[in-house]
Amino acid sequence: MLVRLWGFLYSSYFRFWLKWLWRLLTGKCELQRVCEGAKEGARRTLGIGKRGRGGNALNAGETEIEKCVKDVMKEKKIEQKDIRFKTNLHMSLLQITGYKKLYLDVENLRKVTYDSDNEEHEEQLIELWNLLMPHENLKARITKQWCDIGFQGDDPKTDFRGMGLLGLVNLVYFSKHYTNEARQILSHSNHPKLGYSYAIVGINLTEMAYSLLKNGALKSHLYNVVPGLPQMEHFHQFYCFLVYEFDKFWFEEEPESIMHFNQYREKFHDKIKGLLLDYDVILTLQNKKKP
């Protein structure tokens, strides 16, 4: 009860006067203090985004950001010649709007249904096979051979229903940019006791990456990785990190059976969410290996 009362009093009365006092003492508004005092990356950008700091600029499109920065400076009575503030605010607003755009791009790709009559879709699927199984040719488009790389049946298209084309694009990206690691993990997945379905788990990890992006958990990571607009490439890189780390996690945990997959999947999910709470977090394979 006392905590709620304090929260109400602080937000309704004390915070206003505290901000006024700080401005009087420093000669700078709250937004200036965040832009100049916080470390570049997540700490600064999350500080600006918290509780809508930056006004309507937080909802601006990429092309409107420069005008919004000028409007904010005018509203806050900040001199236009303050280049440091202008640059820092512009960069953070790019990251905020870029995150929103990245989510929309990922969501749009997820909504694309795999179509076996689409030549580009089919080419990507065959490319996945060739990257993972370079010394074995497919005997047919529909074949039990697909199970060798972890699909459930003789036609992989049915396994992409949940994540759409996004699941395939992620699998191909990892196999193409980290080919040795992908083949090594595929080999691990065939372990007689601790094995798992490589492609199915890969698609499951696409869902994990997508949900973390959707609920905002990837903000700290992406704001630290990209000093500007995050792109689809950066989402793929995070996915690669998940695949690599999940394989390590799975064999360290040594589950009794694949039947316990969901339990360990959630445990791994919780581990990643915990890492993402760190404002200084960067989760990419590039920090561990060169592609």
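The values are calculated or read from the model by the stated rules, or taken from the named source; none is laboratory data. Note that the structure is predicted; figures quoted are calculated from it, not measured. Positions of Cβ are generated from backbone atoms using ideal geometry, with glycine treated the same way; all protein chains shown enter the neighbour counts. Side chains are part of the model used for accessible areas, which takes the heavy atoms of the whole protein and leaves out ligands, DNA and RNA. Shrake-Rupley method; radii C 1.70, N 1.55, O 1.52, S 1.80 Å.
Observations on the model:
- None of H221, H177, H236 is open to solvent by 20 Å² or more (accessible area, probe 1.4 Å) and either in contact with a Ser or Thr (Cβ under 7 Å, 6 or more places away or on another chain) or modelled with pLDDT of 95 or more (or both) except H177.
- Any hit, region 73-91, residues being aliphatic (A, V, I, L, M) and modelled with pLDDT of 80 or more: yes
- Residues within region 133-171 that are assigned to a helix (DSSP H, G or I) and farther than 24 Å from H191 by Cβ, tallied: 8
- With respect to (1) surrounded by fewer than 21 Cβ atoms within 10 Å (Cβ to Cβ); (2) assigned to a helix (DSSP H, G or I), the lone exception for G202 is condition (1).
- Pick from region 93-106, criterion of a type outside the set (A, V, I, L, M, F, W, C) and in contact with a Leu (Cβ under 9 Å, 6 or more places away or on another chain), ranking: surrounded by the most Cβ atoms within 10 Å (Cβ to Cβ): Q95
- Here G195 passes the criteria (1) of a type in the set (G, A, S); (2) open to solvent by 10 Å² or more (accessible area, probe 1.4 Å); (3) assigned to a helix (DSSP H, G or I) except the one numbered (3).
- Just one of the listed residues (R141, R110) is in contact (Cβ under 8 Å) with a residue 60 or more places away in the chain and over 21 Å from P227 (Cβ atoms), namely R110.
- Remark: pairs (first residue in region 114-137, over 12 Å from L168 (Cα atoms); second residue assigned to a loop (DSSP other than H, G, I, E, B) and open to solvent by 40 Å² or more (accessible area, probe 1.4 Å); Cβ separation under 6 Å; 6+ apart in sequence or on different chains) are absent.
- Applying the condition of being surrounded by fewer than 13 Cβ atoms within 10 Å (Cβ to Cβ), over 24 Å from E181 (Cα atoms) and of a type in the set (D, E) to region 116-160 and asking which residue is nearest to the chain's Cα centre (by Cα) yields E120.
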